[in-house]
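Reviewing the structure listed below.
The values are calculated or read from the model by the stated rules, or taken from the named source; none is laboratory data. The structure displayed is predicted, hence computed values, not measured ones. FYI the Cβ positions are ideal-geometry reconstructions off the backbone, even for glycines, and counts take in every protein chain you see.
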Amino acid sequence: MSVVDDEDATLRERLTDEPGPALRVFAVVAALVAVEFGALANLVMSLPWDAVGTALPGFVQGVAATLAGVGDALAGLPTLLSRSVIDNAGYQLPSGEWEGTFMGLSPAIAWAIRVVLIYAYGFVWLLVGWWSYLVYRDNYRHANWAPVDDMVGRFRNHSWGLFGLAIIFAFVVLAVFAPALGPTTVDANIADPYLHSIEFYNEETGSVEEMYVGDANGDSQSRGQGGENVGPLSYDQYDRFHPFGTLPSGKDLFTFMAAGARVSLFIGVASLALAGGAAVVFALATAYYKGLVDLGIVITSDSIQAMPQLLVIMLASFVLSGTWLANLYNGGVVLALLFGLTGWPGLWRAVRGPALQVSEREWIDAAKSFGQRPSVTMRKHMLPYVVGYLLIYASLTLGGVIIGVAGLSFLGLGINAPTPEWGRAVSAGQPYVATPSWHISLLPGILIVIVVTGFNALGDGIRDAIDPQSDVDTGQQDQSAAAGGGA
């Protein structure tokens with residue numbers, strides 16, 4: 001009998017017996033990583049490794065610094081869809097021809113080609129993920145059917161959930177490939193504009209000249225009056241294309257938004273990992289032990305939820321603003337910790353009920369009677385039942401975290417300037433809402449609403465896929481319960 005047909009065979013044994021399908025998936029994944037290795041390395045190196053390094057011994061810090069240097073070099077490698085390959089920076093000659101751009105195309109078209117190809121690349125990853133699931137289901141899974149198959153089928157027919165998935169997919173791609181998606185870079189246009197220069201054609205002198213990006217930004221400001229405005233889908237006087245227009249400082253708004261998406265995604269995922277991990281551990285512990293353990297965690301969670309979360313985070317951000325912790329990822333680590341430490345009670349209450357339900361099942365009593373360790377029982381027999389519900393509330397909570405971070409940035413707290421964050425763009429454009437520079441506040445505000453709506457829609461889709469009997473009232477209760485852990 002083939003190992004694949006043996007119900008007692010492990011996944012490793014099945015892979016060894018029939019490696020062909022898995023190797024094909026691996027080959028495709030390796031090819032996708034290879035063509036964009038520099039961009040993926042850039043994403044990894046942009047994470048706050050300094051937060052980890054400060055807690056390590058001196059020798060380990062030296063090794064980490066060496067590895068970071070190697071990582072920076074790898075992150076600088078050209079990639080298939082990078083700006084160096086499909087360049088949108090150039091200038092227009094009096095004849096109408098463009099110099100310096102990809103294939104002599106206009107900067108707008110060159111930038112659009114790069115954006116379309118990057119999103120196509122991300123969509124291929126999505127298809128590969130689905131293909132990997134099919135390969136596992138058809139070749140390596142023990143059972144021909146599992147409850148997850150019905151969940152996936154229901155989600156595929158859930159139009160609202162698919163809408164949310166599409167929005168979140170677009171948001172994640174924007175964050176992951178932010179350096180390549182922007183018409184320029186954060187370093188050149190926002191962080192150090194006077195360390196970089198551009199070339200432009202000077203019609204007065206009839207020659208190509210060079211100037212600092214900072215000086216060019218000073219002539220491309222959007223202040224809503226006196227002709228000072230570079231709106232969406234327009235060029236400035238130096239032939240630089242701005243898909244979303246410019247900020248009051250003259251910096252490119254789309255580049256600011258793309259980099260801000262990466263910051264928001266990091267804070268949301270990091271805080272959710274902290275809050276979700278704590279919520280699951282506490283839910284399993286309270287459901288298994290009950291009694292004093294449950295009472296102690298209930299009192300702790302009630303004490304945390306009794307405090308206004310956003311006000312506590314504002315106060316803590318201000319108190320910690322002058323410490324070394326506030327410098328880690330320009331304040332992002334502080335916000336992730338604060339949202340995680342104050343947000344776990346909402347998630348814990350959301351998954352505590354399902355954990356209590358599964359703790360009363362017969363197989364839990366059987367595991368106890370056989371002397372199985374509590375940690376093994378909770379991990380093998382209780383955790384899989386709770387994870388599905390955690391995904392529902394986590395999606396709703398993540399949207400709340402993004403709103404909270406944007407609100408703090410709007411007030412000038414949390415993320416340190418000049419690090420891009422969506423709320424700071426809304427704040428910068430507030431005085432110009434009723435002027436021709438309306439785009440500064442409106443476009444970031446619209447994106448915040450769309451992304452948060454996407455996370456809520458995805459949560460609704462996951463909920464209906466897990467529990468097809470759920471109705472509108474249940475969905476409203478779920479959203480209200482999760483809101484406490486997000487904003």
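Could you list, in sequence order, the residues of region 353-398 that are within 30 Å of residue 449 (Cα to Cα) and more than 23 Å from the chain's Cα centre (by Cα)?
386
Are any of the residues in region 1-16 among the hydrophobic types (A, V, I, L, M, F, W, C), over 30 Å from residue 205 (Cα atoms) and modelled with pLDDT of 80 or more?
There is at least one residue in region 1-16 that is among the hydrophobic types (A, V, I, L, M, F, W, C), over 30 Å from residue 205 (Cα atoms) and modelled with pLDDT of 80 or more.
Do you know which residues across region 100-123 are closer than 19 Å to residue 199 by Cα and crowded, with 18+ Cβ neighbours inside 10 Å?
Once the filter is applied, which keeps residues that are closer than 19 Å to residue 199 by Cα and crowded, with 18+ Cβ neighbours inside 10 Å, region 100-123 yields 101, 102, 106, 107, 110, 111.
Quickly run through region 378-436 and pick out the residues that are touching a Phe, Trp or Tyr at 6+ places or on another chain (Cβ under 7 Å) and part of a loop (DSSP other than H, G, I, E, B).
413, 420, listed by residue number.
Select, from 194, 91, the only residue that is touching a Phe, Trp or Tyr at 6+ places or on another chain (Cβ under 7 Å), among the hydroxyl-bearing types (Ser, Thr, Tyr) and surrounded by 17 or more Cβ atoms within 10 Å (Cβ to Cβ).
Selected residue: 91, the only one of 194, 91 that is touching a Phe, Trp or Tyr at 6+ places or on another chain (Cβ under 7 Å), among the hydroxyl-bearing types (Ser, Thr, Tyr) and surrounded by 17 or more Cβ atoms within 10 Å (Cβ to Cβ).
Could you grab me the full set of residues in region 118-152 that are of a type in the set (Lys, Arg) and free of Cβ contacts under 8 Å to residues at least 12 places away in the same chain?
141
Name the residue, out of 162, 174, that is outside any strand (DSSP E or B), under 19 Å from residue 82 (Cα atoms) and modelled with pLDDT of 90 or more.
Matching residue, one of 162, 174: 174.
Six or more apart or on different chains, Cβ under 6 Å: which pairs go from a residue in region 408-430 that's farther than 22 Å from residue 192 by Cβ to one that's in a loop (DSSP other than H, G, I, E, B)? Could you list them?
Short answer, once both residue conditions are applied: 408/414.
Would you check which residues across region 340-374 are among the hydroxyl-bearing types (Ser, Thr, Tyr) and within 21 Å of residue 388 (Cβ to Cβ) and list them?
Residue satisfying the conditions is 359 alone.
Residues checked against (1) touching a Lys or Arg at 6+ places or on another chain (Cβ under 6 Å); (2) closer than 24 Å to residue 263 by Cβ; (3) at pLDDT 55 or above; (4) not assigned by TED's automatic domain parsing to the domain that holds residue 331:
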| position | (1), (2), (3), (4) |
| --- | --- |
| 21 | no, no, yes, yes |
| 29 | no, no, yes, yes |
| 36 | no, yes, yes, yes |
| 45 | no, yes, yes, yes |
| 51 | no, yes, no, yes |
| 54 | no, yes, no, yes |
| 86 | yes, no, yes, yes |
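From 405, 401, 376, which residue is out of contact with any Pro (no Cβ under 7 Å at 6 or more places or on another chain), among the hydrophobic types (A, V, I, L, M, F, W, C) and over 20 Å from residue 273 (Cβ atoms)?
On inspection, the qualifying residue turns out to be 376.
Go through (1) buried (at least 16 other Cβ atoms within 10 Å of the Cβ); (2) assigned to a helix (DSSP H, G or I) for residue 150 and report which single condition fails.
(1)
Suppose we keep only residues that are in contact with a helix residue (DSSP H, G or I) (Cβ under 9 Å, 6 or more places away or on another chain) and among the charged types (D, E, K, R) within region 215-264. Which one would you say is nearest to residue 399 (Cα to Cα)?
It comes out as 262.
In region 441-487, what residues are assigned to a helix (DSSP H, G or I), among the polar types (S, T, N, Q) and either modelled with pLDDT under 90 or touching a strand residue (DSSP E or B) at 6+ places or on another chain (Cβ under 9 Å) (or both)?
Residues satisfying the conditions are 474, 476, 477, 479, 480.
Can you tell which of 337, 347 is touching a Leu at 6+ places or on another chain (Cβ under 8 Å) and farther than 22 Å from residue 260 by Cα?
Testing whether each residue is touching a Leu at 6+ places or on another chain (Cβ under 8 Å) and farther than 22 Å from residue 260 by Cα leaves just 347.
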